[in-house]
Amino acid sequence: METSIRIAVRWRDLDMLGHLNQAVYHEYLEEGRGALFERSSGLDHFPFVLARVELDHRHEIRRDHGHVDVVARVGRIGTKSVTVEQELVLPDGTIAAEASSVLVAWDADSRGPRPLSEHERAALGAD
């Protein structure tokens with residue numbers, strides 16, 4: 001399962017050096033993860049906590065790039081977690097950043113992790 005969204009680079013997203021502020025990369029990644037789950041068949045509600053983010057910056061993102069495409073795909077489905085692999089891609093196809101995020105299914109009543117349901121596993125693309 002994979003999806004891609006386009007995000008316009010806004011003036012407020014930049015730091016004093018004229019490129020994307022390091023914290024904004026995480027906002028873009030969050031938008032991509034949200035789009036992935038929103039577009040997945042049958043995942044109307046998937047409560048999770050973000051347990052880990054690994055982010056590698058490969059190329060600067062500037063305002064004159066205009067936009068970036070955020071690509072998000074399910075990388076791995078575990079018992080209680082799903083790993084989302086992502087890329088921030090510039091208009092010319094250059095990969096500006098690569099990321100991997102681990103999302104742990106959350107039980108609001110027990111305030112802790114829970115196993116993924118069969119429905120969630122199927123919606124995420126588990127075999």
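Taking the criterion of being of a type in the set (A, V, I, L, M) and touching a His at 6+ places or on another chain (Cβ under 8 Å), the residues of segment 69-111 that qualify are 90, 95, 96, 97. Checking the stated criteria, residue 75 turns out not to satisfy the condition of being under 20 Å from residue 5 (Cβ atoms), out of contact with any helix residue (DSSP H, G or I) (no Cβ under 6 Å at 6 or more places or on another chain) and not in a strand (DSSP E or B).
When restricted to residues that are buried (at least 18 other Cβ atoms within 10 Å of the Cβ) and assigned to a strand (DSSP E or B), segment 90-103 contains 6.
Being touching a residue at least 24 places away in the same chain (Cβ under 8 Å) and of a type in the set (S, T, N, Q) holds for only one residue in 110, 117, 101, and it is 101.
Residue-level analysis places residue 117 outside the set of residues that are surrounded by 15 or more Cβ atoms within 10 Å (Cβ to Cβ) and either more than 30 Å from residue 10 (Cβ to Cβ) or at pLDDT below 95 (or both). Restricting 65, 26 to those that are surrounded by 14 or more Cβ atoms within 10 Å (Cβ to Cβ) and in contact with a Leu (Cβ under 6 Å, 6 or more places away or on another chain) reduces the list to 65. Only one entry in 85, 54 is in a strand (DSSP E or B), in contact with a Ser or Thr (Cβ under 8 Å, 6 or more places away or on another chain) and free of Cβ contacts under 8 Å to residues at least 24 places away in the same chain, namely 85. Residue selection: residue 31 satisfies the criterion of being modelled with pLDDT of 95 or more and within 21 Å of residue 102 (Cβ to Cβ).
The values are calculated or read from the model by the stated rules, or taken from the named source; none is laboratory data. All values reported here derive from a predicted model rather than from experimental measurement. Every residue, glycine among them, receives a Cβ derived from its backbone with ideal geometry; neighbour counts consider all protein chains shown.
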